[in-house]
Every structure is written in C-alpha cells, then in structure tokens.
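First up is the structure itself, then whatever we jot down about it.
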Amino acid sequence: MTQTYPTSTSRSRARGFSLVEVMVSLVVLSVGLLGIAALHGQGLGAGRAALYRTVAVNLAADMADRIRVNRLGDVAFGGAPANNGCDPGGGGGVDCTPAQMAAHDLLLWDQQAQALLPNGDTQLIFNAATTPPTYTIRVTWDEAGFGQMEYELEVQVPNI
C-alpha cells in the first residue's frame, strides 16, 4: 500500500490567515473598542452628574436641618446672608440671636454650594402665609451637557 502525501500547493493554502481575514478581524475589533470607549465616556459623565445631584440634595438637607434647629430665626432665613461670627466651630465666641444665626447659616450654606458645585448657587424663600411656615430651599448648579440644574425642597417647620 502506498501513501500519498499532500502536494506543496495544498500545504501552503492550509497555513495561517489571509490578509483579508486579518483586515476584517481588525475592523471588527476596532469597532468594538470604539464602542467600549464611548460607553466609558458616558459612564464618567453620568457619574459626575450623579455626584453633583447628591451634593445638591445634601446641601438642601443641611439647610433644612439648620432651619429645624433654629426655629426662631424664621423670617431671617429669607433674608440676606451675613458673617456674624456665630460659628461655634470657627471660634467666633459670639452669642448670636436666632436672626443673626440664620443669616450666618445662609452665608455658610452659600459658601459650601459655591465650593462644591460648578457655579453653585442657593436660594431660600420663607412663606409665613402658610401654617406652619414653609421654607423653599433651592440649590442650582451648571451641569455639562444639560445646562443649569436645580434641586428644590419644601420644608414646613412649626415655630416653638
């Protein structure tokens, strides 16, 4: 019995990949990598937006807590911020009235918003016409791709 061996032409066709196959696989791979890069960029943007929204919610909750602690400062929370040296952590040592403390809280709150949010701004509106009085707390900031964003919280705190 005799064995036949493949010819040299059939051996050369069975080896490796052709140039066309390599080019097609590179195109498929590069399209996939571009898709992954686009998703990564969107994920980073969504993470940044979520961080800013979380900061805004925390700032509004902080001011709501300050209002609950200083219930006697009601109308002053709707006024202008002022540095009255009322910050016990800052070593001011000043005995402030509820209205002075409210103005000082507004100042600290606005400074935090400016430091933590891009173009961060705060606004507090006091409405004495409701029972109990209503405080509308607004935090605004600029978000890339969306423009100016706003978080609003309404709080009703009865006077003592």
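The table below lists the values:
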read-out: Charge dipole of region 8-156 about the Cα centre (unit charges at C-beta), most positive-ward option of Leu51, Met101, Met63; value: Leu51
read-out: Calculated from backbone phi, Karplus (6.51, -1.76, 1.60) coupling profile of region 120-129 in Hz, x at Gly/Pro; value: x, 9, 10, 8, 10, 10, 9, 10, 7, 6
read-out: Cα long-axis angle, helix 98-116 against the chain (0 to 90 degrees, to the nearest 10); value: 20
read-out: Cα-centre dipole for region 8-156 with unit charges at Cβ (Lys and Arg positive, Asp and Glu negative), debye to 20; value: 1180
read-out: Three-way shape label, region 98-160, alpha-carbon gyration tensor, a/c 1.5; value: oblate
read-out: Highest-first arrangement of 144-154, 58-68, 77-87, 37-47, where packing means the average Cβ count within 10 Å; value: 58-68, 77-87, 144-154, 37-47
read-out: Degrees between helix 19-69 axis and first principal axis of the chain (Cα, 0 to 90, nearest 10); value: 10
read-out: Bins of 5 Å, starting at 0 and running to the largest distance - Cα pair percent for the chain; value: 1, 8, 13, 13, 11, 9, 6, 5, 4, 3, 3, 3, 3, 3, 3, 3, 2, 2, 2, 2, 1, 1, 0
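We did not get these values from a lab; they are worked out from the coordinates using the rules stated. Computed from a predicted model, the values in this text were never measured in an experiment. Don't worry about glycine lacking a Cβ; one is built from the backbone with ideal geometry, like all the others, and counts go over all protein chains shown.
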